[in-house]
1. Out of Phe178, Phe147, I need the residue that is outside any strand (DSSP E or B), aromatic (Phe, Trp, Tyr) and touching a Ser or Thr at 6+ places or on another chain (Cβ under 8 Å). Which one?
2. Here are Leu140, Leu193: which of them is out of contact with any Asp or Glu (no Cβ under 8 Å at 6 or more places or on another chain) and closer than 17 Å to Ile122 by Cα?
3. Identify all residues within region 152-164 that are touching an Asp or Glu at 6+ places or on another chain (Cβ under 8 Å) and assigned to a strand (DSSP E or B); write none if there are none.
4. How many residues are at positive phi and in contact with a strand residue (DSSP E or B) (Cβ under 7 Å, 6 or more places away or on another chain) when one looks only at region 106-143?
5. From the list Tyr199, Tyr263, pick out the single residue that is outside the structural domain of Ala290 (by TED's automatic domain parsing) and in contact with a Ser or Thr (Cβ under 8 Å, 6 or more places away or on another chain).
6. Looking only at region 224-260, how many residues end up being among the small types (Gly, Ala, Ser), within 23 Å of the chain's Cα centre (by Cα) and surrounded by fewer than 20 Cβ atoms within 10 Å (Cβ to Cβ)?
7. Starting from residues that are under 23 Å from the mean Cα position of the chain (by Cα) and of a type outside the set (D, E, K, R), keep the ones in region 192-213 and report whichever is surrounded by the fewest Cβ atoms within 10 Å (Cβ to Cβ).
8. Hey, any hits in region 181-190 for a residue that's small (Gly, Ala, Ser), more than 25 Å from Gly91 (Cα to Cα), touching a strand residue (DSSP E or B) at 6+ places or on another chain (Cβ under 8 Å) and part of a loop (DSSP other than H, G, I, E, B)?
Amino acid sequence: MKRDFEMLNEISVDLSRYDAEELSYFERKRIKKRISRKLGKKSPLPRIAVVAVLCGSLLWLPAIQSDVRAAFYGLASSIPAVRGMLDLFVGQPEQRLAEYKTTVGQTVSDNGIDVRLDEVLIDTGRLIISSTFHSDKINLEDALSPFPSVYINGKDVMKNGGGGNGNKAKIDDNTYSFISSVNLNGTTIEGDLEIRIVYKDLDFAGNEPAHKGNWGFTLHTSAEKLLGDTRTIAIDRSFSLDNGQQIRIEAMELSPISTTIHYHILNGKDLDVLFQVTGSDGSRLIPVSAVTMSQNSHIRFSKLPEDLPSLTVVPYVISGEEGSKQPKEKTFLEKESFEVKIK
């Protein structure tokens, strides 16, 4: 079986067959229930909200799973989810990402679990990792999404304020694919990169003890192509909320993978500020993730559609409370809206 597992590498999912579903920021609680995730304990970030994984989990189950199972049992030589997972996570067809991601395919076995590192994609401010776990001995059904330690050129990303989120998809009873999105706050990404990715122990839901293990991988890659194709548009706008909180919008970053607004929230955390972004053609960018209520906040959206001349950005306010205490109301600040010229 191990030999079969090591052969599972080549087929990808035709993403054009599946429709994306836009989700609001307030649906994040429902989405979290469908995504097993584990945050690194070292992360000092005030809040990481998974707004939508660009339908990674929603499209995966049940729409894609039946196709994946058929391919797995029929061909016994590929896992479509391995490559499709990463592409679904960022919401783009695979051919658009090919020149920016690194295919690895290394397999490490320890304590009854085989782990294969499939693909790695560097975006501005984050590292996206696709991996597959397989075991004939350990039941992985209740395994939480493993969050790896990441070292870039020898430096621990977590010590620079990294954190992240994860996504899990079942291939069969013995095999699961995982996506980890690791924040690279404070980490310099330039030139040639040596990336060390280490999964240590595997946690399970409930009271089940962690399964001990150590699965480490090293790869060499570069982010120069991505950085060369990334634009930063200065915004430099400020406004105040009625309660005295100050909002400073710094810039919009346009990468081949995503669109990110960088901003600062100062003088309190009673209220949170997010943004709605609409293209000049009426299309709305889908929020992917956010780190908010911080002096270094950002909200990440899907990739900017091609040929859009401009975007309209409207800030809106929600309560700073989290969980069940958070009211669902949001207040749009139309007077603080602004246009971003793309072309």
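The values are calculated or read from the model by the stated rules, or taken from the named source; none is laboratory data. As the structure is a computational prediction, the values presented were derived from the model and not from experiment. Note: ideal-geometry Cβ built from the backbone for every residue, glycine included; neighbour counts use all protein chains shown.
1. None of the other options fit; the residue is Phe147.
2. Values: Leu140 fails: closer than 17 Å to Ile122 by Cα.
After applying the criteria, what remains is Leu193.
3. Ile152
4. Residues in region 106-143 being at positive phi and in contact with a strand residue (DSSP E or B) (Cβ under 7 Å, 6 or more places away or on another chain): 2 in total.
5. Working: Tyr263 fails: outside the structural domain of Ala290 (by TED's automatic domain parsing).
Going through Tyr199, Tyr263 in turn, just one is outside the structural domain of Ala290 (by TED's automatic domain parsing) and in contact with a Ser or Thr (Cβ under 8 Å, 6 or more places away or on another chain): Tyr199.
6. Number satisfying all stated conditions: 2.
7. Only one residue fits best here, namely Ala205.
8. no
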